[in-house]
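Novice: My questions all concern the structure below.
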Amino acid sequence: MQMNENNKLKKMQMYLLNAEENALPKDAYLQVDFACNAKCIMCDIWKNPFIGDTVLLYSIIDKLSNLNFEYITLWGGEPLLHPKIDDLIVYAKNKGLKVQMITNGSLLDEHIDVICEHVNNLVVSIDSGNASIHDDIRNKPRHFFISC
Amino acid sequence: MQVYTMILEINPGIFSLAVNGIKELLAKEKHPNIEIDCTILNENISSLESIVKLSKDLGGVFVDFDPVQILGVGNNSKYKFQSDISGVFKMQELAKKYNIEITSPEKMKLIEKYLKNQNIVMPCYSYCKDMLISPKGDVHTCWTIGEVIGNVLDNDFVNLWYKALAKNKDVLTGNKKECFGCGFSHSRMPDVGYSHIVEKANQIRLAHIESKSFK
């Protein structure tokens, strides 16, 4: 989990403490799917559009909680394409995990409330401030209708 | 006779959707911490300043830059980075001018080194900091090596994790050959002032590996 300077320091202190205790990591990056609505030129994940089984994902979150993980990052693919992503976010949060999500941002408007309420850190992948360059990198150019 | 040309955007494009989504979140009284992650590629390296301007327009959202990662889990191994990197410096200057928080200068130095195809040999904290888990529960050694340690739901998973660490202990010193070309900066390149913490922690881990606890 990236987060800003205060959290980075905390993460580094946790890393040292973890080493002293010879403990497992505390930071899990769980791919909830491989499906994506973009086809980024530098990525291969979208080529296998697998959606994770929700019950299995709950079991994984349970196990991470039992193993004393503190942070979980839900990502994919595009995590917001998972049909039960809102439930997964809430479930992880209710297990006491701090929740981060990595997303291409294209579906944020459909999940605003749950994200605001339960996600601690949101990472939005944007590779250019120029819309055309960004959309070309996502391999999902805009489509125009032209009439004269 | 006048001819009118009408251009309608049928699909608003993923950029517009993402930026509008961020604006919608920021408008809420309670919202998560938001950051932008920007991968440096051939296609955007000459226009990285545009990301800094976007951050400014959004009120100064933190921007984390990372270089395109060729090796490892989920990456396009056929991608070749071969561009002039002066765009990186221009972007850093603009961020300084606008007072936008971006990836630390120390990390950016390592990113520049990676983009120039120079080997990076330094203690890595990926293995002991993060656990990379697939939708089926398979756990990878790290983002670059990508070897599956086992399934997190296995009863003996904890033992499998420690055994894999002992097997890959060279990652702790940075002397594992597969790591030299790794550009996964989030886990490999600590931010300013933290390298000594990683080095110290990794030495402690190595001492554990050499002790009876791993035999």
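Read-outs throughout are calculated quantities, based only on the coordinates presented, and are distinct from any laboratory measurement. Just so you know, these numbers come straight off a predicted model, no measurement behind them. Counting neighbours? That spans all protein chains shown, and the Cβs are built from the backbone with ideal geometry, glycine included.
Novice: Roughly how tilted is helix B:14-26, in degrees to the nearest 10 and between 0 and 90, from the longest Cα axis of chain B?
Specialist: It is inclined by approximately 80 degrees.
Novice: Calculate the dipole size of the stretch A:74-120 relative to its Cα centre from +1 charges on Lys and Arg beta carbons and -1 charges on Asp and Glu beta carbons; express the result in debye to the nearest 20.
Specialist: Values: 4 positive and 7 negative charges, 67 e Å.
Roughly 320 debye, rounded to the nearest 20.
Novice: Give the distance, in whole Å, between the Cα centre of the stretch A:109-137 and the Cα centre of the stretch B:153-177.
Specialist: What the calculation gives is 34 Å, centre to centre.
Novice: Applying the Karplus parametrisation 6.51 cos²θ - 1.76 cosθ + 1.60 with θ = phi - 60° to the phi angles of the stretch B:73-90, what ³J(HN,Hα) value in whole Hz is obtained for each residue in order, glycine and proline being reported as x?
Specialist: Per residue, the Karplus-derived 3J(HN,Hα) values read 4, x, 9, 7, 5, 8, 5, 10, 8, 8, 10, 5, 9, 5, x, 5, 5, 4 Hz.
Novice: In deg cm²/dmol and to the nearest 500, what is the mean residue ellipticity at 222 nm of the protein assembly as shown if only DSSP H runs of at least 4 residues count, each as -39500 (n - 2.57), divided by the residue total?
Specialist: Helix contribution divided over all residues of the protein assembly as shown: -11000 deg cm²/dmol.
Novice: Separation between the A:THR54 and B:ASN42 pseudo-spin-labels, each 7 Å from Cα along Cα→Cβ, expressed in nm?
Specialist: Going from the A:THR54 label point to the B:ASN42 one covers 4.3 nm.
Novice: Treating cross-link reach as a plain straight distance, find the lysines whose alpha-carbon is under 16 Å from the alpha-carbon of A:LYS8, omitting any fewer than eight places away in the same chain.
Specialist: Filter leaves A:LYS26, A:LYS98, B:LYS107, B:LYS129.
Novice: Quickly rank A:132-138, A:74-80 as a protection proxy: mean count of other C-beta atoms within 10 Å, highest first.
Specialist: A:74-80, A:132-138
Novice: For A:28-37, what's the mean count of beta carbons from other chains sitting within 10 Å of each residue's beta carbon?
Specialist: Across the residues of A:28-37, the mean count of other-chain Cβ atoms within 10 Å is 4.
Novice: B:LEU71's amide H: which non-local residues (gap 5+, or another chain) put their own amide H closer than 5 Å, with H modeled 1.01 Å from N in plane and none for Pro or chain starts?
Specialist: B:GLY183
Novice: Only four residue types carry charge here, +1 at the Cβ of Lys and Arg and -1 at the Cβ of Asp and Glu. Report the dipole size of the protein assembly as shown about the Cα centre in Debye, rounded to the nearest 20. Walk me through the numbers before you get to the answer.
Specialist: On the way: 40 positive and 44 negative charges, 193 e Å.
Value, rounded to 20: 920 debye.
Novice: What is the calculated FRET efficiency for B:ASN99 to A:LYS10, with r their C-beta to C-beta distance and R₀ = 25 Å, to the nearest 0.05?
Specialist: With R0 = 25 Å, the Cβ-Cβ based efficiency is 0.55.
Novice: Then there's this: Compute the acute angle (0 to 90°) between the alpha-carbon long axis of helix B:157-167 and the principal axis of greatest extent of the alpha-carbon atoms of chain B; round to the nearest 10°.
Specialist: Helix B:157-167 sits at roughly 80 degrees to that axis.
Novice: Still on this structure, please answer the following. Across the protein assembly as shown, how large is the tail of the calculated P(r) beyond 37 Å, expressed as a percent of all Cα pairs?
Specialist: 17
Novice: Still on this structure: Any idea what the dipole of the stretch B:1-144 comes to, in debye rounded to 20, about its Cα centre with Lys/Arg Cβ at +1 and Asp/Glu Cβ at -1? Intermediate values should be presented prior to the final figure.
Specialist: Values: 16 positive and 17 negative charges, 46 e Å.
Value, rounded to 20: 220 debye.
Novice: By per-residue mean of other Cβ atoms within 10 Å, what is the highest-first order of B:137-150, B:158-171?
Specialist: B:137-150, B:158-171
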